[in-house]
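Report on the following structure.
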Amino acid sequence: MCFDERLAYGEAAFRGRYVSDVQLVLSKVMNRNRLLNQPKHEPRPGTTISGVFLMMHRLLSIALFVAAAIAPVKTFAASVPSVGALAPEFTLDSQEGKPVSLKDYRGSWVVLYFYPKDFTSGCTIEAHNFQRDQAQYQQKSAVVLGVSVDSADSHKQFCAKEGLNFKLLADADHKVSSMYGSLTNLGLVRFASRHTFIINPEGKIVRVFTEVNPNKHSEEVLAALASLQ
């Protein structure tokens, strides 16, 4: 199971657990109300008006919490840029702590790939394959730029551990991922979607990948470059 699938699974479990809590509390309140409506000469323990109000307060608190958790996730990401559009400009820090701008590579082909998280299995495989094929990208006058919402320091550690020498860019405020329609927003957690854009020397997007298999993605990008050039 890849990183984004695990996150989605965790969100579903999170929703299910709190929905069950609300149902349990609601059931208790309804039972207490039925007891209050029964014609009794003496009040039963725990059925005072203050007890019911306390239970209602707890129910409201949990309901508000659950509403925030299970409401449709709002994303502020733009739609994925279409083929033929100018690639949105950006400047981000690399693993070296130095700013890198897309305009720096005008005149070259750019493989701009977004990935969810440093050190995770799928992202490590994808990065290894891009690293393995660097000589082929250089032959095609293409540069590979990776982007995630991890910090520049995280990228530095990731590159050192995995022997990566191409640039990984830190989109810590999520703005670039959002501009490229590549931000997954689960409410409490946000991360870059696994998308790739091939940008031609004129700065236009000429190929978009939104269904990416990290095990063979570098090969399909190289094949796309060969067809485009």
Under the 0.36 nm per residue contour assumption, what length would be gained going from the current alpha-carbon distance of Lys103 and Val189 to full extension? 27.9 nm
In the P(r) worked out for the range 100-166, what percent of Cα pairs fall beyond 15 Å? 52 percent
Span from the the range 114-134 Cα centroid across to the the range 157-229 one, whole angstrom: 10 Å
Spin-label pair Ser151/Thr91, simplified geometry with 7 Å Cα→Cβ offset, distance in nm: 2.2 nm
Please report, in whole Å, how far the alpha carbons of the range 165-229 spread along each principal axis, starting with the longest. 41, 28, 24
At 25 °C and a viscosity of 0.890 mPa s, what translational diffusion coefficient does Stokes-Einstein give for the range 91-228, taking Rh as the Kirkwood radius over Cα pairs? Give it in µm²/s as a whole number. 166 µm²/s
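Mind giving me the FRET efficiency for Gln139 and Phe119? R0 is 22 Å, r the Cβ-Cβ distance, nearest 0.05 is fine. List each step's numbers first, then the result.
Numbers: r = 30 Å, r/R0 = 1.35.
Computed FRET efficiency for Gln139 and Phe119 comes out at 0.15.
Readers should treat all values here as calculations from the given coordinates under stated rules, not as data from a laboratory. Since we're looking at a predicted model, the values are computed, not measured. Virtual Cβ from ideal backbone geometry, glycine too; neighbours counted across all protein chains shown.
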